[in-house]
Amino acid sequence: MVGKGKVYLIGAGPGDPELLTLKALKSLKNSDVILYDALIDYRLIDELKKLGKKMIYVGKRSWDDGKKRQEYINSLLKELTDQGLTVARLKGGDPLIFGRGCIEIEFLEKENIPYEVIPGVSSINGVPSSCGIPLTHPELSSSILVVSGRADVMRWCKAPLEGTIVVLMGRDTIDEIAKGLIDLGRDKKTPVVAIENGTLPNQRIIVGTLSDIGEKVKRANVKGPLLIVIGEVVEKFCKKVIANAVRTE
């Protein structure tokens with residue numbers, strides 16, 4: 001009888017293949033099959049193909065039926081581990097931050113499938129850090145609020161307005177986010193930076209304020225993943241990095 005296999009839930013990092021951790025690489029090498037998501041950079045995929053593992057694309061996009069896609073992924077995890085195979089479930093960023101890794105853990109536990117979580121560098125801190133933008137500063141910000149741009153904007157906007165706000169997946173709601181913060185008392189001149197395709201060669205940095213960032217992002221015709229940082233740290237540190245980045249006015 002074939003023994004039960006194992007699943008590694010692996011974070012691939014924010015984009016740049018070199019931000020993959022040593023433990024993640026070791027786990028990938030020790031796996032038989034790699035199930036990878038849509039936001040994994042093609043350069044990392046090309047390197048992983050050299051390992052000679054079976055690779056299966058299971059990416060979900062906004063136009064997909066998320067529930068059906070997740071059911072398909074779950075069925076693959078069970079089918080492969082029932083064959084005694086070790087599966088690397090490769091997800092962008094960190095697998096447990098806005099990545100539905102928690103849903104897959106619930107399934108694995110329900111099916112008694114052994115698993116191990118391999119943390120990844122999240123875009124939350126990886127993207128701003130790669131641009132030289134700190135999220136905290138002794139004089140400017142001692143707190144960080146991390147939110148999804150797809151969440152109820154007016155609900156999270158009621159959180160304390162001090163400190164730095166990091167918004168993931170806010171490309172389509174950036175106008176609503178900015179307006180909500182202004183309506184709730186945040187200064188319309190609050191500095192904002194929107195980073196498209198963070199850590200990748202085609203990264204773009206768009207700098208503005210709450211009053212104009214929505215229009216600037218729209219004018220830039222942003223199509224890739226967008227991370228937004230709101231707060232005083234932006235004004236102080238962005239000046240040092242924009243000279244080496246593509247800035248869209």
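What follows draws every value from the coordinates through simple rules; no lab data is involved. Computed from a predicted model, the values in this text were never measured in an experiment. A quick note on method: Cβ atoms are made from the backbone with ideal geometry, for glycine too, and the neighbour counts reach across all protein chains shown.
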Work out the FRET efficiency for Asp212 and Lys4 from their Cβ-Cβ distance, taking R0 = 41 Å, and round it to the nearest 0.05. 0.15
Net length gained if the chain between Thr21 and Asp183 were fully extended (0.36 nm per residue, minus Cα distance): 54.2 nm
Would you mind telling me which residue in Asp187, Asp212, Asp46 has the biggest mean-square fluctuation in a Gaussian network model of the chain, where springs connect alpha carbons within a distance under 10 angstrom? Asp46
Tell me, how many Å apart are the Cα centres for the range 195-215 and for the range 119-141? 15 Å
Sticking to Cα atoms, compute the Rg of the range 67-184 to one decimal and its Dmax as the biggest Cα-Cα distance, whole number, in Å. 18.3, 56
Could you check the simple spin-label distance between Glu176 and Ile56, using points 7 Å along Cα→Cβ, in nm with one decimal? 3.5 nm
Given an 8 Å cut-off on Cα distances and at least 6 residues of separation, report the relative contact order of the range 1-127 as a percent. 46 percent
May I ask for log10 I(q)/I(0) of the range 53-108 at q = 0.14, 0.19, 0.24 Å⁻¹, from a Debye sum over the Cα atoms as equal point scatterers with solvent left out? -0.38, -0.72, -1.15
Spherically averaged projected area in nm², based on the convex hull that wraps the Cα atoms of the range 124-244: 6.6 nm²
Projected area averaged over orientations for the chain, convex hull of C-alpha atoms, nm²: 14.2 nm²
Over the chain, calculate the relative contact order: mean separation of alpha carbon pairs under 8 Å at least 6 apart, over the residue count, as a percent. 20 percent
Can you give the angle from 0 to 90° between the axis of helix 66-82 and the longest principal axis of the chain, with both taken from C-alpha atoms, to the nearest 10? 30 degrees
The FRET efficiency for Arg150 and Asn112, from their Cβ-Cβ distance with R0 = 25 Å and rounded to 0.05, is 0.15
Full-stretch length increase - Arg43, Asn221 - with 0.36 nm per residue and alpha-carbon distance subtracted: 61.6 nm
The ³J(HN,Hα) series, computed from each phi in the range 40-57 with the Karplus coefficients 6.51, -1.76 and 1.60 at θ = phi - 60°, rounded to the nearest Hz and given as x for glycine or proline, is 6, 4, 4, 5, 5, 4, 4, 5, 5, 4, 5, 6, x, 8, 6, 10, 10, 7
Enumerate the lysines that Lys110 could reach by cross-link, defined here as Cα to Cα under 22 Å, with residues fewer than 8 away along the same chain left out. Lys4, Lys6, Lys67, Lys68, Lys78, Lys91
Need one number: convex hull volume per residue for the range 6-121, Cα atoms only, in Å³. 90 Å³
